[in-house]
Number of protein chains: 2
Amino acid sequence: MTKILTFLFLLFLIFGCKKYDNSNNNIDEMHLQSNKKAEDMPKFAIVIHGGAGTILKENMTDSLELAYKNTLQEAVKTGHEILKRGGSALEAVTKTINIMEDSPLFNAGKGAVFTHEETNELDASIMDGATLNAGAVAGVTHIKNPINLAYEVMVNSDHVILAGKGAEEFAQLSGFELVDPSYFYTENRFQSLQKIKDKEKTQLDHDGKTAYTDSFIKNSKFGTVGCVALDKNGNLAAGTSTGGMTNKRWNRIGDAPIIGAGTYANNATCGVSSTGWGEYFIRAMVAHDISAMMEYKDITLQEAAYEVIQKKVPALGGDGGIVAIDKEGNIAMEFNTAGMYRAYINTEGELFIGIYKD
Amino acid sequence: MTKILTFLFLLFLIFGCKKYDNSNNNIDEMHLQSNKKAEDMPKFAIVIHGGAGTILKENMTDSLELAYKNTLQEAVKTGHEILKRGGSALEAVTKTINIMEDSPLFNAGKGAVFTHEETNELDASIMDGATLNAGAVAGVTHIKNPINLAYEVMVNSDHVILAGKGAEEFAQLSGFELVDPSYFYTENRFQSLQKIKDKEKTQLDHDGKTAYTDSFIKNSKFGTVGCVALDKNGNLAAGTSTGGMTNKRWNRIGDAPIIGAGTYANNATCGVSSTGWGEYFIRAMVAHDISAMMEYKDITLQEAAYEVIQKKVPALGGDGGIVAIDKEGNIAMEFNTAGMYRAYINTEGELFIGIYKD
């Protein structure tokens, strides 16, 4: 009996201690879980740009600055509301870009710049970080919201890029209304083209060379709009829409409709939308290179964005910027120009709107 | 005097020994230099593809197989001769691709497949690994050798990608002769289109769906040509030229004219030319991803090519292959299809020609 009692006492000691240990563990676990819950709260965030370039305060009126800020705010809040109610990153990206496409302030949709032939040729692309699916359109002239057509190409065709008349035939088959090209006429953009043509003519008369390196003309390359969003399901999406560069010729395609250059999204790394001198952004594979550095070098989004925008692109002779979000909701807005129209609402719900450097 | 003699004797010993040491060093140095010379001999190499797909021996006649092998050999030897006489990788790539563009056997130039509208729309791109400069054309219909126009865009325009009519206007300004679209008519390709249209019609009648997933139609996507070369100056170049996919619609742009997807070259890493289901090659950023893995993960060309072609592209649902050369002249030819028309002459001067797997 004594043996049995001793055995039971030993058992009690063992299990008692174990229980005690367990309860300690439980407290730790609860503590961890409570931390984990805070960490696991579905994070969502959104960032946009309205183009990078020589944007200087001395060239800006107060009312124009206010107009830009108001539209940036309207756009970023539109996407944020979608994310807040559980909508997808893809929906947030398209609806946010639509606000900027419908504004004459940005070089996309309504405010698209004019080509050399005095037409408006629009490009756009979108990418889904969850599936790596992507869609793009290049050189469309009758599409009010090219980002919506890029989305349609992504989800309802077997293709990634459709161009020109073919893209518009696909648009019609998909129920898109074609707008008359006159929709894209804005006096401001038309006068910009005339100024450049005059200047080009003067320069041609002067030294027989085309005026591509002229800084005034160089700045007319910019103004693309873009958006990157992270939704509550952890999905990233990125989109970019543009009218390209003023006075562009020969059906030039810039980086905006090029997956990996103008737009890239991958849930494993980040989403990126570019704006800048498209040719250099294609050659540097800007959007994909930022993602590849994060994936293969295991550096942060901010480090990768800095490396590409402040070192690699300038080394080639190009300029511009990007906005990006990583899978944790960290935001990067990196540019090597005097300014970039930009805004975000981060995972803390904080709104930021900026135009100039710092 | 004895002191002086002793001093001189010591000097002799010291310098004698030193001389002896030096001569030993010299022998080592000479040996090293001779080794170094062998290592520093300017290496050059070239690799080409004529498309990947369901290429099976049982579907091939002996005479057709011979015709393919002869043209592959002629093409790869053309480029190799250029490299041997000290020509640039860019020259080797363009002239080699010209041979394949001028042959009706490959889906590029003369042998381009037909679009749904029974036209031939050609795409091409080229990249210079020394400067990261690049040029591309998409959807041209009057250009005999699209790779030459891509080269012209790279070196004589401020642009990277020009499309359709605009690209041809640029071609004319640059002195290119435009060919009549009838140049691209080949009975074989035209019948392929008719077969697909019939099959598509049957399938549409049958289940109301388009027939994109049909394996016969799937195979008609392939046949792009491409070339990568390393020249004696250590410069890499890559180029790709294609007629796209049979029955393509809506001015679809595939991966061939997309820098980073169909073509990429960077002296720091490698040159790559892709062939396969273009949409998946764009989404996977095949050519740039191989380069990025080498640069950031410090793995070999072969390891990176395997990872992308055997794992990443199939994971998305795509298929195809690549040819590539790294900065040391190592060659990779990786594909996940039944066959890929391919050939190389490596740094040892060894010729290889292949069609089927193994």
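The values are calculated or read from the model by the stated rules, or taken from the named source; none is laboratory data. Quick caveat, the model's predicted, so the values are computed rather than measured. Every residue, glycine among them, receives a Cβ derived from its backbone with ideal geometry; neighbour counts consider all protein chains shown. All accessible areas refer to the heavy atoms of the entire protein, side chains included, with ligands and DNA or RNA removed. Shrake-Rupley method; radii C 1.70, N 1.55, O 1.52, S 1.80 Å.
Structure values in brief
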| quantity | calculated |
| --- | --- |
| Lone qualifier among A:E58, A:E117, A:E74, A:E65 - being over 18 Å from A:V153 (Cβ atoms), outside any helix (DSSP H, G or I) and charged (D, E, K, R) | A:E117 |
| Residue in segment A:333-343 that is over 17 Å from the mean Cα position of the chain (by Cα), surrounded by fewer than 24 Cβ atoms within 10 Å (Cβ to Cβ) and at the interface with another protein chain (Cβ under 10 Å from one of its Cβ atoms) present | no |
| Test for B:A287: is it of a type in the set (A, V, I, L, M, F, W, C), touching a residue at least 24 places away in the same chain (Cβ under 8 Å) and open to solvent by 10 Å² or more (accessible area, probe 1.4 Å) | no |
| Qualifying residues in segment A:261-286 (those that are within 9 Å of chain B (Cβ to nearest Cβ) and within 12 Å of the chain's Cα centre (by Cα)) - the one nearest to A:A150 (Cα to Cα) | A:Y264 |
| Count of residues meeting criterion [open to solvent by less than 10 Å² (accessible area, probe 1.4 Å) and part of a helix (DSSP H, G or I)] in segment B:77-114 | 11 |
| Among residues of segment A:242-260, those that are touching a strand residue (DSSP E or B) at 6+ places or on another chain (Cβ under 6 Å), of a type in the set (V, I, T) and more than 9 Å from chain B (Cβ to nearest Cβ), counted | 1 |
| Odd one out for A:A315 among (1) closer than 20 Å to B:A292 by Cα; (2) more than 10 Å from every other protein chain (Cβ to nearest Cβ) | (2) |
| Residue match in segment A:140-157 (condition: facing chain B (nearest Cβ under 9 Å), part of a helix (DSSP H, G or I) and open to solvent by less than 10 Å² (accessible area, probe 1.4 Å)) | yes |
| B:I55 vs. criteria open to solvent by less than 30 Å² (accessible area, probe 1.4 Å) and more than 16 Å from the chain's Cα centre (by Cα) | yes |
| Checking B:G226 against (1) open to solvent by less than 20 Å² (accessible area, probe 1.4 Å); (2) outside any strand (DSSP E or B); (3) modelled with pLDDT of 85 or more, the condition it does not meet | (2) |
| Exclusive hit being farther than 30 Å from A:H116 by Cβ and of a type in the set (A, V, I, L, M), set A:A287, A:A261, A:A256, A:A305 | A:A305 |
| Count of residues meeting criterion [surrounded by fewer than 23 Cβ atoms within 10 Å (Cβ to Cβ) and in contact (Cβ under 8 Å) with a residue 24 or more places away in the chain] in segment B:295-307 | 4 |
| Odd one out for A:L132, checked against (1) within 21 Å of B:G166 (Cβ to Cβ); (2) within 9 Å of chain B (Cβ to nearest Cβ); (3) of a type in the set (A, V, I, L, M) | (1) |
| Matching residues, segment B:275-309, being of a type in the set (S, T, N, Q) and assigned to a strand (DSSP E or B) | B:T275 |
| Residues of segment A:185-196 classified as open to solvent by less than 50 Å² (accessible area, probe 1.4 Å) and part of a helix (DSSP H, G or I), total | 6 |
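Each row is one residue, and each column tells you yes or no for (1) out of contact with any Asp or Glu (no Cβ under 9 Å at 6 or more places or on another chain); (2) at pLDDT 95 or above.
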| residue | (1), (2) |
| --- | --- |
| A:T119 | yes, no |
| A:I126 | yes, yes |
| A:T131 | yes, yes |
| A:A136 | no, yes |
| A:H142 | no, yes |
| A:N156 | yes, yes |
